[in-house]
Amino acid sequence: MTDQPDELLPTTRRALLHHIAVAQAESRTPSLVAGVVRDGRLVWSGARSMVDGHAPTPDVQFRIGSISKTFVAVLVLRLRDEGLLDLADPLGRHLPGTPADGATVAQLLAHSAGIAAETPAPWWERTDGALRPALGDLLEPEGAHKHPAGRRFHYSNPGYALLGALVERLRGEPWGEVLRREVLEPLGMDRTTLLPEHPHAGGFAVHPWADVMLPEPLTDTGLMGPAGQLWSTLTDLARWAAFLAAGDDKVLAAATVAEMRRPAVGPDDADWTYSYGLGLQLRRHEGRVLYGHSGSMPGFTAGLWVSEEDALAGIALSNATTGAATTLIASQLITLTAAHEPRLPEPWRPLSEVDEELLALTGPWYWGTSPQILRLRADRALELAPATGDGRGSRFRAEADGTWTGLDNYYAGETLRVVRAADGTVSHLDLGSFVLTRAPYGPADAVPGGVDPAGWRAY
């Protein structure tokens, strides 16, 4: 529960409308619809159109292009969470006979399998999927690999087509039907479909040097569908943004959704602006790290981005092949909303119950001579942080066996244990073999390598 108002302030709404009005006019896009999601709810939507009085509503479908990949990734991770595959499995274990047999599922999800970015000619986005009737038609038999697997990020549309085929193989039915039953229906996304359903926008190309337009073909891309086939609406994508922010146990646990947005391949530069997780893009925008995805198909561009720290998401959809920078538009919607209405922090509240033994563990601990502070949080969680300066810290989740598991930073996945002396008193903490003691290098019998018997002394 928060004190955040249900609606945006008039000044915020005006700033957002001005932003998309400028974007539609300057990019010369036939129509543009956009929205802001806050704390899981669509709190603002706006639209601009070349035809007065005919701006698209939040229920009008647009093609969302590669945002489709986020849905495919969720289907694959559902299979992983059910134990039907491992992310380290080579694709050929489940879907043999493709040029990507040796690529792992994780590498395909993260675009690090090293395979080609596109299919063999003709360009798949503007041609009927019947031209590529078999999985072997999606990649060149020779030369499908452009880089060593797992070494670098190389975006691959055919890679996601193969992941869609993997879902079909393990579920025994078309990936679109699996998506409808396992994801769209549970989330109430009944306006997200493989093919357009009325009302939907038509896609156009706008001439680069003249204010004239050309209709784009609305193709069914067949086997390439998982790479960019889906159509959706602002209303449905607001639900999708809420899901990507918090998860939903009916579809995918919050912990697995969080796994999707962790970078899977190291960025190429220290001051990175773009990275990729397991089906989600990450980008920096004006000091924020956003996650989500961009999308484009002939006649359409789309952007959906989420800011975890602000509990905000921005969505923008256009029906022009080029021009409208929907990723930038959606990102700026987050920036504008956060600037006008910064997130209110949750009020501090004391714990509802206290375990005296855990309370006794709090306070200063020492790793060698480095002071650390251990704090008790809700649900028996612990938080370790350096007392001064830089150092290693982490949050820890309580486990049923009396240990804790690190959730982030250096100690992510590592186990924290309380070690007791023969008389039952706490001797020290063991953190992945590191020993934390109540005094610097003491007690001596707990410190790896021992302690000089003369103890601390002046020189």
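Residues checked against (1) of a type in the set (Lys, Arg); (2) under 23 Å from Ile64 (Cβ atoms); (3) outside the structural domain of Arg63 (by TED's automatic domain parsing); (4) assigned to a loop (DSSP other than H, G, I, E, B):
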residue	(1), (2), (3), (4)
Pro99	no, no, no, yes
Gly102	no, no, no, yes
Ala106	no, no, no, no
Ala113	no, no, no, yes
Ala117	no, yes, no, yes
Pro120	no, no, no, yes
Ala130	no, yes, no, no
Gly136	no, no, no, no
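Take the conditions (1) assigned to a helix (DSSP H, G or I); (2) of a type outside the set (A, V, I, L, M, F, W, C); (3) within 25 Å of Val251 (Cα to Cα); Thr11 misses just one of them, which is (3). Sub-7 Å Cβ pairs linking a first residue in the range 117-144 that is under 22 Å from Leu195 (Cα atoms) to a second residue that is of a type in the set (Lys, Arg), at least 6 apart or interchain, are Thr119/Arg132; Trp124/Arg132; Leu138/Arg132, ordered by first then second residue. Residues in the range 364-376 that are free of Cβ contacts under 8 Å to residues at least 24 places away in the same chain and either among the basic types (Lys, Arg) or surrounded by fewer than 12 Cβ atoms within 10 Å (Cβ to Cβ) (or both): Arg375 alone. Scanning the range 342-363 for residues being in a loop (DSSP other than H, G, I, E, B) and either surrounded by 13 or more Cβ atoms within 10 Å (Cβ to Cβ) or of a type outside the set (Lys, Arg) (or both) gives a total of 14. Of everything in the range 45-67, what is in contact (Cβ under 8 Å) with a residue 40 or more places away in the chain, buried (at least 18 other Cβ atoms within 10 Å of the Cβ) and not hydroxyl-bearing (Ser, Thr, Tyr)? Give them in sequence order. Passing the criteria: Pro56, Pro58, Val60, Gln61, Phe62, Arg63, Ile64, Gly65, Ile67.
Taken over the range 24-44, the criterion of being buried (at least 21 other Cβ atoms within 10 Å of the Cβ) and charged (D, E, K, R) is satisfied by Arg38 alone.
Flag: Asp310 matches the condition of being under 21 Å from the mean Cα position of the chain (by Cα) and either at pLDDT 95 or above or surrounded by fewer than 22 Cβ atoms within 10 Å (Cβ to Cβ) (or both). When we screen Val60, Val74, Val51, Val22 for residues that are farther than 17 Å from Ala201 by Cα, out of contact with any helix residue (DSSP H, G or I) (no Cβ under 7 Å at 6 or more places or on another chain) and of a type in the set (Val, Ile, Thr), the only hit is Val22.
Annotation: Leu8 fulfils all but one of (1) under 14 Å from Ala316 (Cβ atoms); (2) in contact with a Phe, Trp or Tyr (Cβ under 7 Å, 6 or more places away or on another chain); the unmet one is (1). With respect to the conditions (1) surrounded by 15 or more Cβ atoms within 10 Å (Cβ to Cβ); (2) touching a residue at least 12 places away in the same chain (Cβ under 8 Å); (3) over 22 Å from Ala258 (Cα atoms), Val451 falls short on a single one, namely (2).
With the requirement that a residue be under 20 Å from the mean Cα position of the chain (by Cα) and charged (D, E, K, R), what does the range 150-173 give you? Scanning the range 150-173 gives a single hit, Arg152.
Just one of the numbered conditions (1) under 14 Å from Ala34 (Cα atoms); (2) modelled with pLDDT of 95 or more; (3) of a type in the set (A, V, I, L, M); (4) buried (at least 24 other Cβ atoms within 10 Å of the Cβ) is not true of Leu290: (1).
Of all residues in the range 79-107, none that is buried (at least 20 other Cβ atoms within 10 Å of the Cβ) has its Cβ atom under 6 Å from the Cβ atom of a residue that is polar (S, T, N, Q), 6 or more apart or on another chain.
Of the residues Gly222, Gly228, Gly176, which single one is farther than 23 Å from Ser318 by Cβ, buried (at least 19 other Cβ atoms within 10 Å of the Cβ) and either touching a residue at least 12 places away in the same chain (Cβ under 8 Å) or not small (Gly, Ala, Ser) (or both)? Spell out the reasoning first.
On the way: Gly222 fails: buried (at least 19 other Cβ atoms within 10 Å of the Cβ); Gly228 fails: farther than 23 Å from Ser318 by Cβ.
Within the list Gly222, Gly228, Gly176, the selection yields Gly176.
The set of residues from the range 131-153 being basic (Lys, Arg) and crowded, with 17+ Cβ neighbours inside 10 Å comprises just one member, Arg132. Any idea which residue in the range 420-435 is surrounded by the fewest Cβ atoms within 10 Å (Cβ to Cβ), counting only those that are touching a strand residue (DSSP E or B) at 6+ places or on another chain (Cβ under 7 Å) and closer than 22 Å to Pro453 by Cβ? If we take residues in the range 420-435 being touching a strand residue (DSSP E or B) at 6+ places or on another chain (Cβ under 7 Å) and closer than 22 Å to Pro453 by Cβ, then Ala421 is surrounded by the fewest Cβ atoms within 10 Å (Cβ to Cβ). Output the residue which, of all residues in the range 60-92 that are among the basic types (Lys, Arg) and in contact with a Pro (Cβ under 9 Å, 6 or more places away or on another chain), is nearest to Asp190 (Cα to Cα). Within the range 60-92, the match that is nearest to Asp190 (Cα to Cα) is Arg63. Restricting to the range 190-219, and then to whatever is without any contact (Cβ under 8 Å) to a residue 40 or more places away in the chain and of a type in the set (A, V, I, L, M, F, W, C), can you tell me which residue is surrounded by the fewest Cβ atoms within 10 Å (Cβ to Cβ)? That would be Trp209. Considering the conditions (1) surrounded by fewer than 22 Cβ atoms within 10 Å (Cβ to Cβ); (2) on the phi < 0 side of the Ramachandran plot, Leu280 is excluded by exactly one of them, (1).
The values are calculated or read from the model by the stated rules, or taken from the named source; none is laboratory data. Since we're looking at a predicted model, the values are computed, not measured. Note: ideal-geometry Cβ built from the backbone for every residue, glycine included; neighbour counts use all protein chains shown.
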